[in-house]
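Written below as structure tokens is the structure these notes are about.
The values are calculated or read from the model by the stated rules, or taken from the named source; none is laboratory data. Just so it is clear, the model here is predicted, and its values are computed rather than measured. Virtual Cβ from ideal backbone geometry, glycine too; neighbours counted across all protein chains shown. Areas reflect the complete protein model, heavy atoms only, side chains present, ligands, DNA and RNA absent. Shrake-Rupley method; radii C 1.70, N 1.55, O 1.52, S 1.80 Å.
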Amino acid sequence: MSGHPSTYEPKYGATKWLDQRLPIVRMGADFMTFPSPRNLNYWYTFGGILALCLVSQIITGIILAMHYVPHIDFAFDSVQRIRRDVPFGWLLQPMHAVGASMFFFAVYVHMFRGLYYGSYKAPREVLWIIGCLIYLVMMATGFLGYTLPWGQMSFWGATVITGFFGAVPVVGESLQQWLLGGYAVDNATLNRFFALHYLLPFVIAALVAVHVWALHHVGQNNPIGITPKTQKDTLSFHPYYTVKDAFAVVVFLLIFAFFLFYQPDALGHADNYIQADALKTPPHIVPEWYFLPFYAILRAVPDKLAGILLMIGAIAVLFVLPWLDTSKVRSMRFRPVARGFFWIFLFFCFILGWCGAETPDNMVPFMSVGDKGLNFTWLSRIATIYYFAYFVVILPILGLVENPKDRPESITKAILGDTSHSAAAPAE
Amino acid sequence: MSETQVIDAHGEVIDDDKRDFIFIATGAAAAAGAALLAWPLVAQMGKAADTLAAGSVEIDLSKVAEGQQLKILWRGAPVFVRHRTAKEIAEAEGVDISDCPDPQTDDERLRPTPEGKLDPRFLVMIGVCTHFGCIPVGESGDFDGWYCPCHGSHYDTSGRIRKGPAPKNMAIPDYVYISDTVIKVG
Ligand code: HEM
Ligand code: FES
């Protein structure tokens, strides 16, 4: 899976024999010695963290599936039983539920990292697109999983989301009922959602393998976005980055542990501890926090189909980003103007998240007096406009008109300064 | 096809037309087979026979007092049976429907009694918001009808959409009066 010349030499008879038949040890060895840019910072540790998250979700998920009952009459109680009666269920169920949030937190850091350092630009377009696909399947998995505990938010979230398909012209209603397996969200729906929730993480695992393959084919980007030119610009993945990743994982796990042991329900919604009731909608439906920005975009327009199209567009635009950004300079470090727009973009993503959590007609604190001023619908409209403008107006134009700063010649020069004139360059 | 004959290793003449035919016929048979197999794989997700046969419910309207609303689960979704007050009926009938996003008169939303008349007191509809399917709350909203808390759709006392993101009026289920006071839904 790697694009660098192999340095693996099998030492023993058995490994030589195996290497000629299945070079699997070689693959692992090449993976560990993969030359990585020597200037990777901690934002580059989130890929490893994400791999850990996926493994953790799969292990805890399979364990939960041993005790969970996918039937509308038993699902809610079976999750409560896991939390109360199953040995260590109190630990394993929140590991999965909190784990999903941690997974999304990590994927967002990973994606914004890519946006900042221009990791989507040539030659990494395919790598980026596979990442976007992973994110899409993750969203589906998270949504399907959230219906399983069969609380009020599970049920009404599922109703609203499957309602999106009902907005498709002409065939919408049939499509929606086909997905549900009935006229409304019911047992047939819960059953198939469980089957698909079990399946999709393995699809993600397969996509991750292709993602890493693409990564090793084109090589890693880095904080200054300059392609490594000589061996001096790189370091072996092990031990340099295995150790760096491991340290980041420990810090990440500390945050994970805080939520797991002290605030296991802080990232969820209290209404999900009320069993699903098909006759009563909770007064205020909200998705999980990681979907809030998209929910705000959905509600920003007063039209059903337009809202959905805009929400789909918000994700679709990521897929074509490599061709929207016209700048050849990868890292924002050398694009002072673009950098400013990037931080505003990040700010508005948080604003969208906030809008998604609020009731649309409510007034925005500090920006309104009584019922005069800005309400959340308008705030989400402003943020939505910026969200799209960043991709389809700002990045395409900036690349043509901005004046990027001078870039260093190589990674080594950027770190150590120009060493070519000093007679005795320090030994590596 | 080709003017010069091509001879294979066994000394036989290669007939390209025949090969093309076999190639296309094989491909077509495989594609048809795949489509036939895909059909049950896709169709199994549709409504099962027992779901379709979920049957009908009879509702005794005389049990619903004026100003009261009954909520009955039918096909997994709530059916509202509202006994409207004189004021609500007047409001429902007094609307200039050309202003409505989904124009329908109040009469069009009722079904005839055995005598062939309309009884405007009883409004029977599927209590599902036509936006994304939440259940609207009764006696609220800007039009004294229903208000959907999910994304703020306002329905009037005839269940018509008047304001907000929902595109359509709340649906009227298939139902008939089987006596003066009993209806059968489904
Ligand atoms: C991509 C990885 C995964 C993500 C993002 C994910 C996400 C979720 C979420 C958000 C929930 C709801 C938790 C709650 O609110 O209580 C859930 C529940 C569940 N998941 Fe997963 N999951 C993943 C992988 C898996 C796998 C591989 C399985 C294996 C079968 C699985 C089995 C379950 C079960 C049985 C439940 C219901 C019990 C419960 O709610 O805790 N999950 N998942
Ligand atoms: S579901 Fe009723 S307004 Fe959206």
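Worth a mention:
- Residue among A:Gly99, A:Gly114 that is more than 24 Å from A:Ala257 (Cβ to Cβ), open to solvent by less than 20 Å² (accessible area, probe 1.4 Å) and not basic (Lys, Arg): A:Gly114
- The set of residues in segment A:299-329 that are under 27 Å from A:Ala357 (Cα atoms), over 21 Å from the mean Cα position of the chain (by Cα) and β-branched (Val, Ile, Thr) contains only A:Val301.
- Scanning segment A:30-73 for residues that are without any contact (Cβ under 8 Å) to a residue 40 or more places away in the chain and among the polar types (S, T, N, Q) yields a single hit, A:Thr60.
- Helices (runs of 4 or more DSSP H) completely within segment A:286-368 that count 1 or more residues being of a type in the set (D, E, K, R) and away from chain B (no Cβ under 14 Å): A:336-357
- Identification of strands (runs of 3 or more DSSP E) wholly contained in segment B:71-182 with 1 or more residues that are closer than 24 Å to A:His284 by Cβ yields B:77-83, B:122-126, B:144-148, B:153-156, B:161-163.
- Cβ-Cβ under 7 Å pairs, at least 6 apart or on other chains, segment B:125-137 side more than 7 Å from every other protein chain (Cβ to nearest Cβ), far side open to solvent by 10 Å² or more (accessible area, probe 1.4 Å) and charged (D, E, K, R): B:Gly127/B:Lys71; B:Thr130/B:Lys168
- Just one residue in the set A:Ala158, A:Ala167, A:Ala214 is crowded, with 17+ Cβ neighbours inside 10 Å, within 14 Å of chain B (Cβ to nearest Cβ), of a type in the set (A, V, I, L, M) and over 22 Å from A:Lys280 (Cβ atoms); that residue is A:Ala167.
- Within the set A:Ala257, A:Ala266, the sole residue that is under 30 Å from A:Gly89 (Cβ atoms), part of a loop (DSSP other than H, G, I, E, B) and not aromatic (Phe, Trp, Tyr) turns out to be A:Ala266.
- Within segment A:269-280, the only residue that satisfies the criterion of being part of a loop (DSSP other than H, G, I, E, B) and either exposed (fewer than 12 other Cβ atoms within 10 Å of the Cβ) or not assigned by TED's automatic domain parsing to the domain that holds A:Ala51 (or both) is A:Leu279.
- Inclusion of B:Gly11 among residues that are free of Cβ contacts under 8 Å to residues at least 60 places away in the same chain and on the phi > 0 side of the Ramachandran plot is warranted.
- Tallying residues that are surrounded by fewer than 16 Cβ atoms within 10 Å (Cβ to Cβ) and either more than 19 Å from the chain's Cα centre (by Cα) or under 30 Å from A:Lys229 (Cα atoms) (or both) within segment A:44-60 yields 1.
- Flag for A:Ile63 being over 20 Å from A:Val212 (Cα atoms), modelled with pLDDT of 95 or more and open to solvent by 30 Å² or more (accessible area, probe 1.4 Å): yes
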